[in-house]
Protein chains: 2
Amino acid sequence: MALDETHDPALESFVPTPEGTPFTIHNLPFGVFRPGPGFDARVGTRIGDTIVDLSVLEARGLFDGPELAGRDVFSKPRLNEFLALGRPAWREVRLALSRLLRRETPTLRDDESLREGALLPADRCEMLVPAEIGDYTDFYSSRHHATNVGVMFRGPDNALMPNWLHLPVAYHGRASSIVPSGTPIRRPCGRTLPAGTTTPVFGPSGLVDFELEVGFLVGPGTALGELVPVERAEEHIFGLVLVNDWSARDIQKWEYQPLGPFLSKNFATTVSPWVVTLEALEPFRTEGPVQDPQPLDYLRTAGNPSWDLPLTVALRTEKLDQPHVIAQSNFRHLYWNVRQQLAHHTVTGCNLRPGDLMASGTISGPEKHERGCLLELTWRGEEPLQLPGGEERTFLRDGDEVIITGTAARDGLRIGFGPCAGRIVPAAPLPAAS
Amino acid sequence: MALDETHDPALESFVPTPEGTPFTIHNLPFGVFRPGPGFDARVGTRIGDTIVDLSVLEARGLFDGPELAGRDVFSKPRLNEFLALGRPAWREVRLALSRLLRRETPTLRDDESLREGALLPADRCEMLVPAEIGDYTDFYSSRHHATNVGVMFRGPDNALMPNWLHLPVAYHGRASSIVPSGTPIRRPCGRTLPAGTTTPVFGPSGLVDFELEVGFLVGPGTALGELVPVERAEEHIFGLVLVNDWSARDIQKWEYQPLGPFLSKNFATTVSPWVVTLEALEPFRTEGPVQDPQPLDYLRTAGNPSWDLPLTVALRTEKLDQPHVIAQSNFRHLYWNVRQQLAHHTVTGCNLRPGDLMASGTISGPEKHERGCLLELTWRGEEPLQLPGGEERTFLRDGDEVIITGTAARDGLRIGFGPCAGRIVPAAPLPAAS
């Protein structure tokens, strides 16, 4: 990919873009929304505090390039049809949108009825999960996270499993419980083994945690048995979303052997509603960590397979007026990059479908304040977080809201995701026996 | 559930039902098929060697009971819409079909044009995966299997993990690579660690295995945060399918820690195209194993939560004229029953959707010939299987076909699934570097 006119820092839009918004004219993310209760969901982009209804522009014939002309992909309640088209179509739409929204382009700017139909106040719209996610895979690609967790549970000498530096470890997650930012997260009930006992008990989890992650949505799928060369992996990657892979650490500890986490992570996964495309992220390319040992051929990448994308986690308790920042990390800390993740995922022949979500795993950096979950930040609860006003936290309490944001900024460009947020609500009453 | 007129052993159909067919008038399974190339897929049932096109009967108004009248659920390429309706609708359709297909009922029997439209030779139809499977969960519910695997890898003193007898262990599988019986299974390539070395290598798996499993399809779904009491779990269970969870043991061994199997199992999972309903299985109810320690309240079941369903695995190598039976097990050996699996799956609040697949894990019995995978049958390859004609097998070779069948028979009733089969084809060439 190369920079093009859509990355020109001098671009301005006739749509107001407040100072500091992550939704500049250089961003142009994709999402699915309802304009109001009772409306059908459709695809939009966002600029400033405005959502642009792409189904209206499409119906008006404003996407008339060779890839999009005559298609109907934006009136759908999911991005999947658009994702399946591939990068030439994605670039075509991005360029068309960039031109339509510029200060000097009259098409939309001067057409009052079109503007009224297509431009909607974001705060009146309901954002949904952006795609029908057929399968959700969660990687474990941060070396700092894997090392911290390994030190806590196996000691410093066996922190990383022997396979960790050789392949991007991953597991299958649950697709049904992926929810958009803002959905309340009910504290799960489950089975735990209290410390020092051998009899498991049942009740609300006491160790609910967040996990700071970034995922990508798959574009064109692959056939069963088809192996994607790592050099071509990005052809299948549409864009990134923020992900919070909520986890119940006490349930996880008792259930996870030998087949991995199950109920401790499938009660909810929150995603940001806006998908930031690889095109938008292009100016923020970076190399990523040195990989030693060198990966086998099918995982060897060159160039800049990562992005300099700062990530922030803020916590708002019921007593706090303002969210309090508790972690700051960066996407570029990921040891295994997205090309390697996707290529590895297909190497045994597993097929991909448009809309599949592959998440990074918790993204921790080398510093203490860069740890991406409470398990690490409080070192298993041994070092509580000190919050303004004298509150402490080891794990999440009812009423706590976790807000993940991610915004890249450089040389006059600024793009981001908006919040990926969720608040913990009290556990449900246990099911009554009949 | 209770027995009703559809279980009467004296019932006969005007549609020929060859001696020994699992598709008797007492069965009436549901599946999705194409009548021929180019046709849209739709829902059918099967009797003898005949497929009954339910979309034709539906269009003719023959499902006119209170649950189905006016609906359009059988012209779909998936069972999901029908699954969502729930047990009263399933029973209504079963009763209507049982009556329509009886020898003494003239409606279909004497209407030549309707017969021509609705009754199709099974061997000219293409069977598909019966539902759009949103999420696939694989349990690990056979005590004999978990014990055998534990003895092999951890020794007899630590065979079962401490959690195993307390909860139905499970992990999330891959939905995209679920294929219908008959789909060729490509030998996966992947990363393995040869014995006695510390440097992983890449290439075709040398230890491809089958796993004899039975799964169920979820009917009506649940909301996020909703806990299903174990007493009501069967309201959400439509019927059973045979499942072969193909596994690459060498890839599994190197990749699976600490998050569980990933690429070693997601390259393909074969299901039988016919879903046998709980109604059809009712005469074969049985208690299942005694559970000690007694499960916690939310997993405590009474009555007969299992079925006496004999299962057979046959292997056909390229040199064999006939499939050779290599294992015989029974669904009733499962320690954790389907009600417990489903209730456990919702206990942290994970939502279910119609069409979700929950599989049992390998079903092994107490005897050596009842082991449900080659890993166990050959005890990690140490005791090769002896086949007719002098061949031996430890794991599967290219050209080998594995055929799982399951048929319950008792008191003049006989119902089954037909085959769940797949043949191993050679590994794909590695992707060329660009």
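The values are calculated or read from the model by the stated rules, or taken from the named source; none is laboratory data. Bear in mind that the values here come from a model prediction, so they are computed numbers and not experimental data. Heads up, the Cβs are rebuilt from the backbone with ideal geometry, glycines too, and the neighbour counts pull from every protein chain shown. Surface areas here come from the heavy atoms of the whole protein model, side chains and all, with no ligands, DNA or RNA. Shrake-Rupley method; radii C 1.70, N 1.55, O 1.52, S 1.80 Å.
For A:H166, what accessible area in Å² do you get when you roll a 1.4 Å probe over the heavy atoms of the protein chains, rounding to the nearest 10? Rounded to the nearest 10, that gives 40 Å².
Mean projected area of the Cα convex hull of the protein assembly as shown, taken over all directions, amounts to 37.3 nm².
Normalised by the residues of the range B:1-148, what does the relative contact order come to in percent, with Cα pairs under 8 Å and at least six apart?
Details: 216 pairs, mean separation 41.6, N = 148.
Normalised by residue count, the contact order of the range B:1-148 is 28 percent.
The residues packed around A:I404, meaning those with a beta-carbon under 14 Å from its beta-carbon, carry a net charge of -4 if Lys and Arg are +1 and Asp and Glu are -1. Mean projected area of the convex hull spanned by the Cα atoms of the range B:206-308, taken over all viewing directions: 9.2 nm². The residue in chain B that lies nearest, by its beta carbon, to the axis linking chain B with chain A is given here with the distance in whole angstrom as B:G260, 1.
Tell me the net charge near B:Y140. Cut-off is 14 Å between Cβ atoms, B:Y140 excluded, with +1 for each Lys or Arg and -1 for each Asp or Glu. Walk me through the intermediate numbers first.
On the way: positive: B:R143, B:K265; negative: A:E255, B:D138, B:E211, B:E213, B:D245, B:E376.
With Lys, Arg at +1 and Asp, Glu at -1, the neighbours total -4.
What is the gain in length, in nm to one decimal, between B:F202 and B:R71 on full extension, counting 0.36 nm per residue of separation less the C-alpha to C-alpha distance? Before the final figure, lay out the partial values.
Numbers: separation 131, 0.36 × 131 = 47.16 nm, distance 5.25 nm.
That pair, B:F202 and B:R71, stretches by 41.9 nm at full extension.
Using a 1.4 angstrom probe on protein heavy atoms only, the contact between A and B buries about 6000 square angstrom of accessible area, both sides summed.
Taking every residue in B:140-148 and counting other chain Cβ atoms within 10 Å of its Cβ, the average works out to 0.
Can you give me the Cα centroid spacing of the range A:199-260 and the range A:134-157 in angstrom? Going from one Cα centre to the other spans 12 Å. With q set to 0.14, 0.17, 0.21 Å⁻¹, the log10 of I(q)/I(0) for the range A:257-340, from the Debye formula over equal scatterers at the Cα positions, is -0.79, -1.01, -1.12.
Carbon-plus-sulfur fraction of the accessible area of the range B:5-128, 1.4 Å probe, in percent?
Details: 2620 of 5450 Å².
Percent of accessible area from carbon and sulfur atoms in the range B:5-128: 48.
Of A:F395, B:F153, which has the most accessible area with a 1.4 Å probe, and how do the rest follow in descending order? Walk me through the intermediate numbers first.
On the way: A:F395 15, B:F153 100 Å².
Result, largest first: B:F153, A:F395.
According to the square roots a ≥ b ≥ c of the eigenvalues of the Cα gyration tensor, what is the shape class of the range B:149-273, taking rounded for a/c under 1.5, prolate for a/b larger than b/c otherwise, and oblate for the remainder?
Oblate, since a/c reaches 1.5 and b/c is not below a/b.
If you take every residue apart from B:N244 with its C-beta less than 12 Å away from the C-beta of B:N244, what net charge results, scoring Lys and Arg +1 and Asp and Glu -1?
Working: positive: B:K265, B:R423; negative: B:D138, B:D209, B:E211, B:E213, B:D245, B:E401.
My count for the surroundings of B:N244 gives -4.
Any residues in the range B:203-229 that have 20 Å² or more less accessible area with all protein chains than in their chain alone, probe 1.4 Å, and which are they? For the range B:203-229, once contacts with the other chains are taken into account, B:L224, B:G225, B:L227, B:P229 lose 20 Å² or more. Mean separation of Cα pairs under 8 Å and 6 or more residues apart, divided by the residue count, gives chain B a relative contact order of 21 percent.
Would the range B:5-128 count as rounded, prolate or oblate if I go by the C-alpha gyration tensor, calling it rounded below 1.5 in a/c and otherwise prolate when a/b exceeds b/c, oblate otherwise? Don't skip to the answer; put the middle values down first.
On the way: a/c = 1.39, a/b = 1.08, b/c = 1.29.
It comes out rounded by the Cα gyration axes.
Once all protein chains are placed together, A:E132 keeps about 100 Å² accessible to a 1.4 angstrom probe. The calculated FRET efficiency for B:E104 paired with B:R232, based on their beta-carbon distance and R0 = 51 Å, is about 0.85. The range A:307-326 to the range B:22-69: how many Å between their Cα centroids? Here the answer is 55 Å between Cα centres.
Taking R0 as 56 Å, what FRET efficiency do you get between A:D8 and B:E126 from their Cβ-Cβ distance, rounded to the nearest 0.05?
Values: r = 53 Å, r/R0 = 0.95.
Efficiency, from the Cβ-Cβ distance: 0.60.
Taken along its principal axes, the alpha carbon cloud of the range B:136-425 reaches lengths of 49, 48, 36 Å, longest axis first.
Ignoring ligands, DNA and RNA, what percent of the accessible area of the range A:254-336 is carbon or sulfur (1.4 Å)? Display every interim value, and only then the final one.
Values: 1220 of 2920 Å².
C and S fraction of accessible area: 42 percent.
Entry comment: accessible area of the protein assembly as shown is 37 Å² per residue, from protein heavy atoms only and a probe of 1.4 Å.
Pairs of Lys residues in the protein assembly as shown, spaced 8 or more positions apart or belonging to different chains, with C-alpha separations under 21 angstrom: 4 in total.
Neighbouring Cβ atoms from other chains, within 10 Å of the Cβ of residues in A:267-273, number 2 on average.
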